[in-house]
Amino acid sequence: MTADPTAILNDRFDEAMKAAFGDDLPEGASALLSPSKNPKFGDFQANGAMGLAKRLGKPPREVAQAILEHLNVSDIAEEPEIAGPGFINITLKPGALSAAVAEMDSPELGIEPAADPNSEFRKQTVVVDLCGVNLAKQMHVGHLRATVIGDALARLNERLGHEVIRQNHFGDWGLPIAMVTTAIKDGIDAGTIDPQDLTVADLEHYYRSAQAECAPDRRGLAAVEKFALGPKARAELEEQVAGAEAALARAKEGLVALQAGDASYMTVWRQICHITLEDCFRNCRKLQANVTDEATAGESTYRDELPEVVHDLESRGVAEESDGALIVRIEDLTGIKEPCLIRKSDGGYLYATTDMAAIRRRVRKLGADRVIYAVDSRQGLHFKQVFAAAKKAGYTKLIRGEGEAELFHAAFGTVLGEDNRPFKTRSGENVRLSDLLDEAIARAEKAVAEKNPDLPEAERHEVAKAVGIGAIKYADLSSDRIKDYVFSFDRMLTFEGNTGPYLQYAQVRVRSILRKAENEHSIREADIAEAPLVIEQPEEKALALELLKYPSVVRSAADSCEPHRLCGYLFDLATSFSSFFTACPVLKADSDELRLSRLRLASLTGRVLRDGLNCLGIAAPERM
RNA sequence: GCCCCUGUAGCUCAGCUGGAUAGAGCAUCGGACUUCUAAUCCGACGGUCGGAGGUUCGAAUCCUCCCGGGGGUGCCA
């Protein structure tokens, strides 16, 4: 038995509509119940009568009236009213509202955990592809969103009770990797590189030089010929091209050696992997994102599966040859003319091949019902191709039950600098993630020191980490994923408006008031937990109604893979709480009953804020 | 060329399957602190929702065309 007004009202409307229209009621007709947009229209509104009227060919207000004649909500609501073209407005009775809030005031905060097999919220296995670092490269802003958004989506699904498997799709295989591995191995063999003290920065340096070394400057050579730039320039370029060809050939040997599992190459390669990943995990810890070794599945782990996948596709006629390459046509499924290439004409595999293998493993081995890719929007076409090809190949068939796994590209836009160009350093380099995080923490620490000088230094530093990192993550999560956004420390750390620190501060105010209740009034959590709720002031009512939205917001943010919905909600909740906090004295309330009631509202608000922030991967400090 | 994304207040952005007078924050202006942490709150100002058609009782939302911005486009990942 629920006290959730939305659930109750939905049921009652369903009954009323059936009673009013019987067999004439169209399939899927709904009351379209939602919280009112404006308090003057009551607490909830049902918009379904108007759509229903169209389908029944009757005047909307008449339909609304017919529903009302069969609607029985007198136990929880005042007399419903028809307004405008056919809205039905519902105002809850005070007792119903406090009962609903009291019901929600539980450890689960009103979110029914997913369960199997036949519950309303079926437990699913959700694979989240996130982070996506590359071997021998430092993390930079480009990894920020893949990590922050992916982690938030994983947390949201965990919160709903799903089985979540994170997959850090580590770019540790292929020709570019062979280039750097070969270069470093040669350096070690020649005694110019000490394998003991290699850092990621070193690796990145070698990665770049290896890339450059293997890239013949054919355009330069062509220019020399075109403009007759003289024998010296020509000789230099010819030498460069010859050198590049040799380096490339050497790298290809390296690739073959790696593919064959050659011990001397593998040792170097493993060390490069280790150094890269340790740096990655360190950054993720600093970012307070849950990405670990167990969650890391490098592209190399698919290497034995690639020939299998290709052979499977070829033998079953899913793939076909075209211009020497092996492709899967997807135009029939998607209307997209560009096919999915899974093998090059030289026999090499492509990243689509690896992604096909990954889908196969994730659905068949990991048992995914849903695979979510937190990856840059520029990969949009690639994923459409791979998803379609995987579907065509039958790789999305669920291992449990009927149907197919859902493959979802949670695409995100670019992080821009203040100049509206992709965020880079002045010299045009990628901004290192660790630098970015350090600066956020430093700026937050300065602000905390100004605002709250009494905070002990050790705690101040911890708070700065929560606030600085929270600010970055919230800025990333709070607007629609697909859009680009401008990275601005000033805006995200002003602590005003829709920012992480604003939410953290609202939560801190709750903590503060509860501490004070305990220390100065000897009121304990247990006294508050069962206190009767008195909801009379407009600010109390607004806060109560806002609190009730929480479970459905978490669900919708997870289902749509849109964390910004939760952000927007938490901001509204924090705003409602701040208004309540200003307008309604809590500890100085007029009566003990009111004091406890307001403490309970505050406590619940604090827990929802904390829980919501946790779903976003943002810490909620005790003080700030 | 084709495809995808995007265009809402001076700035940054919400607006969920079409619903009531399009909402916040910042900025600007005016109020509220011997505090429950003012990192706050209350109020004012501010928008032909890129443009033009169309569908609808009703369109920022759906359809068509056009314009601006970004991105992607068969053998890199």
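FYI, it's all coordinate maths here, none of it is from the lab. Since the model is a prediction, treat every value here as computed from it, not as a measurement. Ideal geometry is used to build each Cβ from the backbone, glycine not excepted, and the neighbour counts take in all protein chains shown.
Ordering A:P456, A:L436, A:T582 by Cα displacement along the dipole of region A:436-624 toward the positive end leaves A:L436 in first place; charges were set at the Cβ atoms of Lys, Arg (+1) and Asp, Glu (-1). Computed from backbone phi with θ = phi - 60° and the Karplus coefficients 6.51, -1.76 and 1.60, the 3J(HN,Hα) list for region A:579-587 is 5, 4, 4, 6, 8, 10, x, 9, 5 Hz; x is used for glycine and proline.
Only four residue types carry charge here, +1 at the Cβ of Lys and Arg and -1 at the Cβ of Asp and Glu. Report the dipole size of region A:113-218 about the Cα centre in Debye, rounded to the nearest 20.
Numbers: 10 positive and 15 negative charges, 103 e Å.
In total the dipole reaches around 500 debye.
Using just the Cα positions, wrap region A:23-95 in a convex hull and report its mean projected area in square nanometres, one decimal place.
Values: hull surface 20.1 nm².
Answer in nm², one decimal: 5.0.
Each peptide among A:78-91, A:143-156 gets the average number of other Cβ atoms lying within 10 Å of its residues, and from highest to lowest they stand as A:143-156, A:78-91. Across region A:1-140, C-alpha contacts under 8 Å between residues 6 or more apart give a mean separation that, scaled by the residue count, equals a relative contact order of 21 percent. Using only the alpha carbon atoms of region A:71-182, find the Kirkwood hydrodynamic radius as the inverse mean reciprocal pair distance, in angstroms to one decimal. It works out to 19.0 Å. Within the same chain, aspartates and glutamates fewer than 8 places from A:K40 are excluded, and of the rest, those with a Cα less than 17 Å from its Cα are A:E78, A:E79, A:E81, A:E536, A:E539, A:E540, A:E546.
Cβ-to-Cβ counts within 10 Å put A:M492, A:M266, A:M50 in ascending order as A:M266, A:M50, A:M492, the fewest first. Note on region A:234-305: along the principal axes its Cα atoms extend 53, 29, 21 Å, ordered by decreasing extent. Over chain A, with a single point scatterer placed on each C-alpha, what log10 of the ratio I(q)/I(0) does the Debye formula yield at q = 0.08 1/Å? Here the Debye-derived log intensity ratios amount to -0.73.
Kindly flag which residue pairs out of A:K123/A:K541; A:K344/A:K392; A:K397/A:K473; A:K451/A:K483 have an alpha-carbon separation exceeding 27 Å in this structure. Pairs exceeding the cut-off: A:K123/A:K541; A:K397/A:K473; A:K451/A:K483.
The trypsin sites (Lys or Arg not before Pro) of region A:410-445 that meet both conditions, a loop assignment by DSSP and at most 13 other Cβ atoms within 10 Å of the site Cβ, are A:R426.
Of the trypsin sites (Lys or Arg not before Pro) found in region A:317-348, those that fall in a DSSP loop while having at most 13 other beta-carbon atoms within 10 Å are A:K337, A:K344. Net charge dipole, region A:498-617: roughly 320 debye, given to the nearest 20, about the Cα centre with Cβ charges of +1 for Lys and Arg and -1 for Asp and Glu. Between helix A:175-189 and chain A there is an angle of about 60 degrees, using the helix long axis and the longest principal axis of the Cα atoms.
Hey, got the dipole for chain A? About the Cα centre, +1 on K and R Cβ, -1 on D and E Cβ, debye to the nearest 20? Could you put the intermediate results ahead of the total?
Details: 76 positive and 97 negative charges, 175 e Å.
Rounded to the nearest 20 debye, it is 840 debye.
Spin-label pair A:D559-A:Q259: with each label point 7 Å from Cα along the Cα-Cβ axis, the two points sit 4.6 nm from one another. Here the peptides A:355-368, A:274-287, A:586-599 are ranked by packing, the mean other Cβ count within 10 Å, and the order with the highest first is A:355-368, A:274-287, A:586-599.
Calculate for chain A the 222 nm mean residue ellipticity that helices alone would give, adding -39,500 (n - 2.57) per DSSP H run of length 4 or more and normalising by residue count, nearest 500 deg cm²/dmol. After summing the helix terms and dividing by residue count, I get -17500 deg cm²/dmol.
Please sort A:299-305, A:38-44, A:320-326 by packing, taking for each peptide the average over its residues of neighbouring beta carbons within 10 angstrom, highest first. Mind showing how you got there, number by number?
Values: A:299-305: 18.1, A:38-44: 15.9, A:320-326: 13.1.
Listed from highest to lowest mean packing, they are A:299-305, A:38-44, A:320-326.
Normalising the average separation of contacting C-alpha pairs (under 8 angstrom, six or more residues apart) by the number of residues puts the relative contact order of chain A at 13 percent.
Ranked for footprinting exposure by Cβ neighbours inside 10 Å, fewest first, A:K185, A:K252 give A:K252, A:K185. Once the Cα atoms are used to define both axes, helix A:94-104 deviates from the longest principal axis of chain A by about 30 degrees.
Toward the positive end of the charge dipole of region A:451-575, about the Cα centre and with charges on Cβ (Lys, Arg +1; Asp, Glu -1), which of A:H564, A:N498, A:Y550 goes farthest? Result: A:H564.
Give a quick list of GluC sites (Glu not before Pro) in region A:537-589 that DSSP marks as loop, anything other than H, G, I, E or B, with at most 16 other Cβ atoms within 10 Å.
Details: sites: A:E539, A:E540, A:E546; in loops: none.
Here no GluC sites (Glu not before Pro) fit, given the DSSP loop and packing criteria.
Return one number: the angle in degrees, 0 to 90 and rounded to the nearest 10, between the long axis of the Cα atoms of helix A:218-227 and the longest principal axis of the Cα atoms of chain A. So the inclination is approximately 60 degrees.
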